[in-house]
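What follows draws every value from the coordinates through simple rules; no lab data is involved. All values reported here derive from a predicted model rather than from experimental measurement. Using ideal geometry, Cβ is built from the backbone for each residue, glycine included, and neighbour counts are taken over all protein chains shown.
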Amino acid sequence: ADGWTGERAWVTPSHGARGPAPAPEPANAEGGPALPAWTHGMTAGRLATGTAAPRGPRPGPVDGLTVAWTHAEGTHAEGTRAAPSGPPQPAATRRTPAQPTAERLDELAELAERHSAALRLGRLGRWDEAGEAHRALAAERALLLGPDHQDTLGSRHETAYALTRTGRHAEALAAFAEVAEGRERALGPDHPETLAARQETAHVLGRLGRHAEAHEVYASLLASRERTLGPDHPDTLRCRHNLAFSLSRLGRTEESLAMAEQVAAARAEKLGENHPDTLVSRYEAAYALGRLGRWQEALDRYGEVAAARTRVLGADHRDTLAARYEIGICLGRLGRAEDALEQFRALAADRTRLGGPNDQETLRARHGYGVNLGRLGRWDEALAEARDVAAVRGRALGPDHFDTLVSRREVAVALGWLGRWDDALAEYREVCAARARVLGDAHPDTLTALGDEARCLEQLGRTEEAGRLRASIGALRAGRGSSTA
């Protein structure tokens, strides 16, 4: 075993996931005056995606924030107006929304400024503060505008997104579900904002390892998108891309590959060969090829994606760098450890230059560098690298974060290869305990850690203990299988 842990690079999702982005400048749906400047940075949060993929344009403004359109009857996002219910009313009898007072205008402007300030906190990586700011703002908007007002739900959406960025996925799932329910009441089940919130629930379900449930949500969303937008609309294709990702996570890799390639072809025809959305689907297809063991094909595909992203986005764009990371993985899997080592060394240097030494992607590249030191038999160097990365991740992300535990496992792998099995066993046990605490006893990552511990016991000649541990692993797997059947 080479200790490779299967880390996958995070890249920018195809429609605003993984980080807030400024919404397009709002415009009045009826051709009226442009919205005021203070609304331009407002967002209802990222639109979910299950996959690591490049960012594309948002579908349209998602928060109704100004007097002209928050107080207009039936105004919806994306420059559309809801169809009136019931028979048409004569013009003289239609209810005209009351004009807000100057005091109310000031209150709305203040809330909008605070919303923008909270978004800036997120862009600075200060997610705990951003989450609290959005939470307070949501409470005030609920009092001022009502719990199901678009602005209130937008703030609650941002609160949920901040929870995902701080690893509080279970809380985020509940929050996104509430936003989806509120938007369904206010806007309808097929409204783009409702679907965006439902898509977030699917993304978070995937982060929680609940991939079958995530797949069901994505499939339902795809049906809604096809019904309302048609099969070739960019948002429909985006949803099909997410479904391909969820198929991969369910182990249905052949299906995932077929769907990703179909989406890539449709996007190339509709958007162009070098459009970021086309490239992300080609990236997903490359990932599926790797999962199928077709590493040379995956390497070729990632190389094409990296070259196209360099031309379109630039050499230093995070999505270009993500493709370079995957190239390093493929090289290692193909036994080209020297080439992989150089790939990760150069990538770590670029990530450090762009994001700093403590950036998560810098540390991910360094992790790949350390793994390939081990592949080359340079285990003392690999151990030192793994320990340093684990220490930095522990400080930056917390001792129980997934990436921290991945690095600690790499420490244990190196210790084993150096013949220090007692030290390796202690490390494996701590990783296993942390995963059980965070993920549960029957989570696949916990079971993998238990398997590591059993192998270590066997190396120490403690075969009876190893046998009992393997029996418990089998029981946990059987219980997990029956509960998900």
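Filtering segment 428-447 to residues that are in a helix (DSSP H, G or I) and not charged (D, E, K, R) leaves TYR428, VAL431, CYS432, ALA433, ALA434, ALA436, VAL438, LEU439, PRO444, THR446, LEU447. Restricted to helices (runs of 4 or more DSSP H) entirely inside segment 164-245, those with at least 3 residues that are over 27 Å from ALA130 (Cβ atoms) and either β-branched (Val, Ile, Thr) or touching an Asp or Glu at 6+ places or on another chain (Cβ under 7 Å) (or both) are 211-229. Looking across segment 332-341, just one residue is assigned to a helix (DSSP H, G or I) and without any contact (Cβ under 8 Å) to a residue 12 or more places away in the chain, and that is ASP339. Would segment 178-187 turn up any residue that is among the aliphatic types (A, V, I, L, M) and either surrounded by fewer than 18 Cβ atoms within 10 Å (Cβ to Cβ) or within 17 Å of the chain's Cα centre (by Cα) (or both)? Within segment 178-187, none of the residues are among the aliphatic types (A, V, I, L, M) and either surrounded by fewer than 18 Cβ atoms within 10 Å (Cβ to Cβ) or within 17 Å of the chain's Cα centre (by Cα) (or both). Summed over segment 378-394, the residues that are of a type outside the set (Phe, Trp, Tyr) and in contact (Cβ under 8 Å) with a residue 24 or more places away in the chain give a count of 8. Inspect segment 230-243 for any residue being farther than 21 Å from VAL305 by Cβ, small (Gly, Ala, Ser) and under 22 Å from the mean Cα position of the chain (by Cα) and give the result as yes or no. No, segment 230-243 has no match at all. Restricted to helices (runs of 4 or more DSSP H) entirely inside segment 252-331, those with at least 2 residues that are free of Cβ contacts under 8 Å to residues at least 24 places away in the same chain and over 25 Å from GLU342 (Cα atoms) are 253-271. Can you go through ALA212, ALA223 and tell me which one is surrounded by fewer than 24 Cβ atoms within 10 Å (Cβ to Cβ) and out of contact with any Ser or Thr (no Cβ under 7 Å at 6 or more places or on another chain)? Testing whether each residue is surrounded by fewer than 24 Cβ atoms within 10 Å (Cβ to Cβ) and out of contact with any Ser or Thr (no Cβ under 7 Å at 6 or more places or on another chain) leaves just ALA223.
Looking at this structure, is LEU153 out of contact with any Ser or Thr (no Cβ under 8 Å at 6 or more places or on another chain) and either closer than 27 Å to PRO276 by Cβ or surrounded by fewer than 16 Cβ atoms within 10 Å (Cβ to Cβ) (or both)? When the stated conditions are applied, LEU153 does not pass them.
Only one of the numbered conditions (1) surrounded by 17 or more Cβ atoms within 10 Å (Cβ to Cβ); (2) closer than 30 Å to ALA285 by Cα; (3) in contact (Cβ under 8 Å) with a residue 12 or more places away in the chain is not met by LEU229, and that is (3). Mind telling me which of the residues LEU425, LEU450, LEU469, LEU457 ends up being part of a helix (DSSP H, G or I) and closer than 26 Å to GLY206 by Cα? The unique qualifying residue is LEU450.
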